[in-house]
1. Kindly write out, for region 207-217 in residue order, the coupling ³J(HN,Hα) from the Karplus curve 6.51 cos²θ - 1.76 cosθ + 1.60 (θ = phi - 60°), rounded to whole Hz, with x marking Gly and Pro.
2. For the chain, report the accessible area per residue in Å² (1.4 Å probe, heavy atoms, rounded to an integer).
3. Once phi is turned into ³J(HN,Hα) by the Karplus curve 6.51 cos²θ - 1.76 cosθ + 1.60 with θ = phi - 60°, what whole-Hz value does each residue of region 103-115 show in order, with x for glycine and proline?
4. Within a Cβ distance under 14 Å of Leu42, other residues only, what is the Lys/Arg minus Asp/Glu net charge?
5. Of Lys229/Lys294; Lys148/Lys305; Lys35/Lys87; Lys136/Lys322; Lys38/Lys75; Lys10/Lys75, which ones are farther than 26 Å apart at the Cα?
6. Which FRET efficiency value, to the nearest 0.05, is calculated for Thr101 and Ala205 with the Förster distance at 35 angstrom and r the Cβ-Cβ distance?
7. Pick from Leu218, Leu12, Leu167: which residue has the top mean-square fluctuation in a GNM of the chain where Cα pairs under 10 Å get a spring?
8. Quick one: with all protein chains in place, what share of the accessible area of the chain is carbon or sulfur, to the nearest percent (1.4 Å probe)?
Amino acid sequence: MNEKVETLKKELKEKLEKISSLAELGAVKAEFLGKKGKITELSSMIKDLSPMEKKDFGKLLNEIKTFAEDLVQEKQELIETMIMNDKLESERIDVTLPGTTIKCGSPNMLEGMIEDLEELFLNMGYDVVEGPEVEKDLYNFELLNLPKGHPARDAQDTFYLKDDELLLRSQTSPVQIRTMLANEGKSHIRIICPGKTYRRDDDDATHSHQFTQMEGLLIDEGISLADLKGTFDVIAKHLFGQDVETRFRSSFYPFTEPSVELDVSCFNCGNKGCSICKNTGWITVGGAGMVHPKVLANCGYDPEKVSGFAFGFGVERLAMLKYGVTDVRTFYLNDLRNNSDRKDV
Ligand code: DAH
């Protein structure tokens with residue numbers, strides 16, 4: 001009997017040595033330890049033995065069972081370690097390899113400029129308001145003191161819808177009218193209005209049939225041109241640096257009196273003269289003035305009691321100056337290959 005057990009042990013050992021997969025291990029395990037396995041079958045021999053022999057045989061049986069189970073368990077652990085090692089080897093990542101560059105987008109410069117100015121004005125107590133791009137002639141021109149046939153309308157030829165009374169707004173100034181009318185002359189006003197505007201211009205490097213403006217309006221008691229100057233100074237320094245100076249140049253807009261052009265000293269050459277300031281040392285960045293008494297009266301405000309200033313900036317112009325963009329069309333193309341003249345990309 002001992003001999004038989006030893007042969008089985010040897011056979012099991014040899015078989016286990018030859019295999020390398022869990023499937024094969026399963027088969028060997030069944031062959032020896034399964035219900036009809038070779039070791040299990042040994043126990044059927046017990047019935048032919050004497051009580052004395054039975055005792056020894058039982059011991060022997062237990063021994064070989066434990067031996068076989070340990071051996072199979074050992075082999076199983078060995079195979080599992082091998083599988084794990086193979087997996088680790090095949091899925092190895094070389095963390096020293098250079099990564100793939102992911103191109104990150106950034107906000108459109110016009111949007112960035114608008115958000116920057118909005119934050120500045122919100123901090124000065126202004127509200128940000130919006131107006132419609134399809135506007136009444138009444139608000140875009142008439143109540144702004146630009147009656148039909150006024151020569152200043154020529155510079156703001158725009159697109160008309162249906163009839164002469166509805167148009168794509170040529171400026172954000174009608175939002176002044178809308179805000180004043182909504183307030184019915186009752187309270188002071190402090191607003192800015194960024195938005196799209198339209199003109200019948202042929203597109204080129206400095207013109208676009210659609211562009212963006214930032215309007216401002218402040219109405220209160222005792223407001224003077226000095227308040228406008230101080231406000232413009234804050235804006236100019238915020239946009240172009242603390243060293244720039246500001247000046248007013250007298251101008252004409254039908255809705256302001258007096259009217260001024262808003263100039264900043266050239267941030268590029270420090271007022272000496274260069275191509276950006278066309279050798280004048282100054283750059284015009286917007287228009288402004290004291291709200292015309294007629295406009296105040298048109299909108300229910302008493303020009304004897306209140307006064308105010310208004311201003312308008314071209315957002316593209318500000319962004320072109322600030323970021324050195326040379327062609328206004330770049331802003332709308334959304335094609336990175338055309339952004340080569342951006343300084344900050
Ligand atoms: N709306 C003017 C334009 O498009 C710009 C402007 C000038 C706006 C003077 C104003 C202002 O509010 O006071 O040319």
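1. 10, 8, 5, 10, 8, 10, 10, 10, 9, x, 8
2. Spelled out: the 1.4 Å probe surface of the chain, per residue, equals 59 Å².
3. 6, 9, x, 8, x, 4, 4, 5, 4, x, 5, 4, 5
4. Overall, the nearby charge balance is 0.
5. Cα-Cα > 26 Å for Lys148/Lys305; Lys35/Lys87; Lys136/Lys322; rest within.
6. Between Thr101 and Ala205 the formula returns 0.65.
7. Among Leu218, Leu12, Leu167, the largest GNM mean-square fluctuation belongs to Leu12.
8. Of all accessible area on the chain, carbon and sulfur atoms account for 51 percent.
The values are calculated or read from the model by the stated rules, or taken from the named source; none is laboratory data. Worth saying up front: this structure is predicted, and the values here are computed from it rather than measured. Cβ atoms come from the backbone with ideal geometry, glycine included; neighbour counts cover every protein chain shown. Ligands, DNA and RNA are excluded from the accessible area calculation, which covers all protein heavy atoms including side chains. Shrake-Rupley method; radii C 1.70, N 1.55, O 1.52, S 1.80 Å.
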